[in-house]
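Following: one structure in structure tokens, then a few remarks.
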């Protein structure tokens with residue numbers, strides 16, 4: 001996902017790093033390159049993959065909504 005600038009991408013990485021991995025059935029790696037982040041999910045099964053992806057997609061949607069609604 002691309003962000004308007006590197007500072008916002010840094011903030012997203014910091015916020016997403018707190019998502020954690022409660023169930024232990026998936027692992028997440030987040031990389032940042034300038035103003036873009038890449039989220040890599042490795043899961044033991046499809047259910048775990050979908051749950052983890054949904055968690056991160058919801059968070060990214062919140063970031064987008066905050067930016068659109070507040071102009072941050």
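The values are calculated or read from the model by the stated rules, or taken from the named source; none is laboratory data. These numbers were taken from a predicted model, which means no experiment stands behind them. Counting neighbours? That spans all protein chains shown, and the Cβs are built from the backbone with ideal geometry, glycine included.
In the stretch 22-40, which residue that is in a loop (DSSP other than H, G, I, E, B) and more than 18 Å from residue 51 (Cα to Cα) is nearest to the chain's Cα centre (by Cα)?
Among residues in the stretch 22-40 that are in a loop (DSSP other than H, G, I, E, B) and more than 18 Å from residue 51 (Cα to Cα), the one nearest to the chain's Cα centre (by Cα) is 35.
Residue 35 meets all of the listed conditions (1) at pLDDT below 90; (2) on the phi < 0 side of the Ramachandran plot but one, namely (1). Residue 63 meets the conditions (1) at pLDDT 90 or above; (2) within 15 Å of residue 2 (Cα to Cα) in every case but one. The failed one is (1). Going through the stretch 14-36 one residue at a time, which ones are surrounded by 15 or more Cβ atoms within 10 Å (Cβ to Cβ) and under 13 Å from residue 63 (Cα atoms)? Within the stretch 14-36, just 16 meets the criteria. Within the stretch 1-21, restricting attention to residues that are part of a loop (DSSP other than H, G, I, E, B), at pLDDT 85 or above and in contact with a helix residue (DSSP H, G or I) (Cβ under 9 Å, 6 or more places away or on another chain), which residue is nearest to residue 52 (Cα to Cα)? Going through the qualifying residues, I end up with 1.
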